[in-house]
Each structure stands twice: as structure tokens, then as C-alpha cells.
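The values are calculated or read from the model by the stated rules, or taken from the named source; none is laboratory data. All values derive from a computational prediction rather than experimental measurement. Reconstructed Cβ throughout: ideal geometry from the backbone, glycine too, with neighbour counts over all protein chains shown.
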Amino acid sequence: MHTATRNVLIILALLFTLGLLLISQRHSILVRLLTVEGPIELAPPTQEGPNVRWHDDYFTVEALAEGVFAIGEPRYYQQNFSYLIMGEDRAVLFDAGPGHRDIRPVADSLTDLPITFIPSHFHYDHTGNTVTFEDVAVVDLPYLRARERGGKLQLSTEEHLGEIEGFATPTLEVDDWLALGSEIDLGGRTLTVLYTPGHTEESISLLESPSGFLFSGDFIYPGPLFAFLQNSGMGDYLQGAENVLSAVTPQTRIFAAHRVEAPGAPELGARDVRDLEATLHAIRNGETEATGLYPWVYVVNDRIELHAEPSWLQNWERRHPELSP
Ligand SMILES: [Zn+2]
């Protein structure tokens with residue numbers, strides 16, 4: 001073999017190996033790219049409109065209905081929204097933000113009832129991290145149950161991603177395991193636990209009654225939806241959309257965990273979930289184009305994008321197909 005030919009082959013083999021390495025390490029490379037150095041810088045306070053009041057210089061509070069509050073963190077760059085939902089006997093806090101500030105005094109200022117903390121999923125910007133709760137309930141999935149040791153659930157770094165903002169991966173003290181499809185009785189108000197995977201494997205949404213609100217976590221919100229993370233899945237996302245659509249009505253108000261702009265809590269409707277489902281079908285059938293190198297960006301509608309893996313890396317398997325109505 002010519003020396004020149006051999007050198008070309010060696011270079012090609014090296015490039016191929018490098019390519020494989022980049023693909024296999026893409027999630028850790030991503031985390032490294034996203035990692036924030038030093039303390040989080042807060043944006044200036046936003047104009048939030050007449051229905052929202054500032055609790056202090058950081059948190060906002062908005063009453064969505066009698067006994068239902070959105071607690072916002074508009075100055076944090078991810079603009080998280082957590083929800084305090086009260087019955088006559090007890091309250092649920094659905095998500096707790098990243099914990100750069102303690103959300104508990106905000107919740108305690110709104111109710112004297114015992115509060116159960118329920119994370120929509122395990123990403124660090126929902127688990128509260130530095131905040132401890134007396135009562136914690138998480139979704140009852142077999143693979144999570146199998147990891148429980150003496151009532152404690154150690155999260156994995158991929159589930160939590162807290163290293164992005166310097167948070168240690170927490171161990172949750174689980175008081176209750178929430179069966180999918182079960183109802184949480186708050187006294188005069190119920191929350192039904194819906195399985196809405198896709199963004200992550202353990203993502204849930206809560207369907208509230210009597211107002212009929214759906215609290216969707218990161219399954220759907222106005223902005224870029226992340227479906228390219230280590231435990232994301234495209235087949236799962238489709239299953240989540242189907243699960244939501246089988247539970248909501250055209251009038252359902254959907255309150256999400258992030259927004260991109262003021263004012264007020266991020267709100268969507270069943271129409272948006274239908275658009276998401278249609279986009280997922282179109283992606284699976286190769287009927288829609290993406291932009292971007294990584295992740296691939298698909299337009300869902302004028303408020304929502306789906307950020308996914310390149311088509312050859314998309315996983316259309318459903319990890320828990322039995323968890324649908
Ligand atoms: Zn998330």
C-alpha cells in the first residue's frame with residue numbers, strides 16, 4: 001500500500017473514531033457546555049401585570065383559581081413556575097424550582113395546611129435541591145421502586161443534571177409512591193396522576209378537579225421542549241401526548257413549568273398538545289424538516305419548538321407501553 005493511501009486511511013479511521021466518541025459522549029459534552037460558572041446572575045424584575053404580585057424581590061405569586069397558586073421565579077433564567085394546589089385538608093406543591101432561593105416561605109405564606117412536595121420530574125430545576133420537605137411523593141415506576149432503600153431514593157446524575165448549576169445529586173426521602181392514574185384527595189379537590197414521559201422517563205402531569213387544570217411540568221410549555229436528553233424519548237413523548245389528550249377537554253387550561261416571557265404563569269391548551277402529537281407523527285413519518293445541527297429543532301406551532309436528537313438517534317420505542325389508559 002502507498003504511504004499516502006495508508007495515511008489517508010489512518011486519518012479516516014481517526015475521524016470515524018472521533019465521530020463515534022462525540023456521538024456516544026454527546027450528553028456529557030452537552031452538560032459541560034451548559035455548565036454555569038460562578039453564581040447565577042438574576043435578570044431584572046419583569047413587568048408581570050395586574051394579577052401577579054411579588055412575594056419578595058425574587059418570587060411572584062398568582063392566584064389561578066380559589067386555592068390554586070402559581071409561584072414564579074421570573075428573574076431566574078429558566079423562568080420556573082411551581083404550583084401550590086390546596087384542598088380542605090392538605091396541599092400539594094408541584095415542583096419547587098432549582099432552590100437558589102427557598103420556595104417554602106412562599107408556600108407557607110399562602111397556606112397553613114400540610115404540604116406534600118411532588119416533583120414533576122427529577123431535573124434539578126424542579127427538585128428544590130437545598131430545600132427540604134416533610135412530605136414527599138414521587139411517581140411509582142417499577143425501575144424507581146427497585147432502587148428504593150429504606151424509604152430513600154438516590155437520584156442519578158443523568159436524572160438530575162444538577163452539576164450544571166453546582167447542585168449535588170440529591171437523595172429523596174419518599175413518603176408516598178404515586179400510582180399512575182390514581183387520585184390524590186386533598187379534601188374537596190383531587191389530583192389525578194398522569195404519565196407524561198418524553199422529556200424524561202419519570203415525568204408526570206397532574207389533572208386537577210374541579211377546575212379542570214392540567215399541570216404539565218416540562219412535558220409541554222411555551223418555548224423549546226427538550227427531547228434530546230439522556231432519558232428523553234420520542235416514542236415516550238408520543239405516549240405522553242396521547243395520555244394527555246385522552247384526559248383533557250378542549251377547554252382544559254394547561255399550566256406549565258417554564259415560560260420564555262412575561263407576564264404571568266405559562267399557559268397552554270389542549271390544542272397545543274394536539275399540535276405536539278401531530279409534529280411527533282410527522283417526525284416519525286419523515287414528513288417534516290428540522291433545522292440546526294444538534295439538537296435538531298422542529299417547529300410545533302408559533303409558541304412551541306421540539307428539540308430532538310438527529311433522526312438516526314431518535315428512539316421511538318416506548319419504555320413503558322403498559323402505562324397508558
Ligand atoms: Zn426538565
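Considering only region 142-162, state which residues are assigned to a strand (DSSP E or B) and free of Cβ contacts under 8 Å to residues at least 12 places away in the same chain. Steps first, answer last, please.
So the first thing to find is which residues in region 142-162 are assigned to a strand (DSSP E or B), and the list is 149, 152-154.
Across region 142-162, the qualifying residue is only R149.
Determine, yes or no, whether L180 is within 19 Å of the chain's Cα centre (by Cα), more than 16 Å from the ligand (Cβ to nearest atom) and without any contact (Cβ under 8 Å) to a residue 60 or more places away in the chain. Write out each step before concluding.
Values: within 19 Å of the chain's Cα centre (by Cα): yes; more than 16 Å from the ligand (Cβ to nearest atom): yes; without any contact (Cβ under 8 Å) to a residue 60 or more places away in the chain: no.
Here the answer is no, as L180 does not meet what is asked.
Residue under question is S28, and the condition is that it be under 20 Å from the mean Cα position of the chain (by Cα) and without any contact (Cβ under 8 Å) to a residue 24 or more places away in the chain; does it hold? Full working, then the answer.
Values: under 20 Å from the mean Cα position of the chain (by Cα): yes; without any contact (Cβ under 8 Å) to a residue 24 or more places away in the chain: yes.
Taking the combined requirement at face value, the residue satisfies it.
Select from region 222-233 the residues that are within 11 Å of the ligand (Cβ to nearest atom) and surrounded by fewer than 24 Cβ atoms within 10 Å (Cβ to Cβ) and list them in ascending order.
F226, L229, N231
Could you count how many residues in region 234-280 are away from the ligand (no atom under 16 Å from the Cβ), hydroxyl-bearing (S, T, Y), over 21 Å from F69 (Cβ atoms) and surrounded by 18 or more Cβ atoms within 10 Å (Cβ to Cβ)?
Residues meeting the conditions: 1.
Which number in (1) under 23 Å from P45 (Cα atoms); (2) away from the ligand (no atom under 14 Å from the Cβ); (3) of a type in the set (D, E); (4) touching a residue at least 60 places away in the same chain (Cβ under 8 Å) marks the one condition that E165 misses?
(2) is the only condition that E165 fails.
Would you mention how many residues in region 103-126 are closer than 17 Å to T169 by Cβ and touching a helix residue (DSSP H, G or I) at 6+ places or on another chain (Cβ under 9 Å)?
Count: 6.
Taking the criterion of being in a strand (DSSP E or B), farther than 18 Å from E242 by Cβ and either in contact (Cβ under 8 Å) with a residue 60 or more places away in the chain or in contact with a Pro (Cβ under 6 Å, 6 or more places away or on another chain) (or both), would at least one residue in region 293-301 satisfy it?
Within region 293-301, one or more residues are in a strand (DSSP E or B), farther than 18 Å from E242 by Cβ and either in contact (Cβ under 8 Å) with a residue 60 or more places away in the chain or in contact with a Pro (Cβ under 6 Å, 6 or more places away or on another chain) (or both).
Residue check, N315 against (1) at pLDDT below 95; (2) in contact with a helix residue (DSSP H, G or I) (Cβ under 7 Å, 6 or more places away or on another chain), all met but one. Which one?
N315 satisfies every listed condition except (1).
Which of the residues belonging to region 115-140 are in a loop (DSSP other than H, G, I, E, B) and within 16 Å of the ligand (Cβ to nearest atom)? Can you show your working first?
Keep residues of region 115-140 that are in a loop (DSSP other than H, G, I, E, B), which gives 119-123, 128-134, 140.
Once the filter is applied, which keeps residues that are in a loop (DSSP other than H, G, I, E, B) and within 16 Å of the ligand (Cβ to nearest atom), region 115-140 yields P119, S120, H121, F122, H123, G128, N129.
How many residues does region 128-141 hold that are in contact (Cβ under 8 Å) with a residue 40 or more places away in the chain, more than 27 Å from E322 (Cα to Cα) and within 16 Å of the chain's Cα centre (by Cα)?
1
If you check T279, T288, T249, which single one turns out to be in a helix (DSSP H, G or I) and polar (S, T, N, Q)?
On the way: T288 fails: in a helix (DSSP H, G or I); T249 fails: in a helix (DSSP H, G or I).
Only one candidate qualifies: T279.
Condition first: more than 18 Å from the chain's Cα centre (by Cα) and of a type in the set (A, V, I, L, M). Now tell me which residues in region 298-325 satisfy that.
V299, L313, L323
Considering (1) away from the ligand (no atom under 14 Å from the Cβ); (2) surrounded by fewer than 21 Cβ atoms within 10 Å (Cβ to Cβ), say which one Y83 fails and leave the rest.
Just one mismatch for Y83, condition (2).
Taking F219 as meeting all but one of (1) more than 16 Å from the ligand (Cβ to nearest atom); (2) part of a loop (DSSP other than H, G, I, E, B), write down the number of the exception.
(1)
Could you give me the residue pairs with C-beta distances under 8 Å whose first residue belongs to region 105-127 and is farther than 30 Å from S232 by Cα, whose second residue is outside any helix (DSSP H, G or I) and at pLDDT below 95 wherever it lies, and which are 6+ apart or on separate chains?
That search, which allows pairs on different chains as well, returns P114/E134.
Identify the residue in region 195-212 that is in contact (Cβ under 8 Å) with a residue 60 or more places away in the chain, of a type in the set (G, A, S) and crowded, with 24+ Cβ neighbours inside 10 Å and, among all such residues, is nearest to the ligand (Cβ to nearest atom).
Filtering region 195-212 for residues in contact (Cβ under 8 Å) with a residue 60 or more places away in the chain gives 195, 197, 199-206, 208, 211.
Those left that are additionally of a type in the set (G, A, S): 203, 205, 211.
So of that shortlist, the ones also crowded, with 24+ Cβ neighbours inside 10 Å come out as 203, 205.
Values: S203: 8, S205: 13 Å.
My answer is S203.
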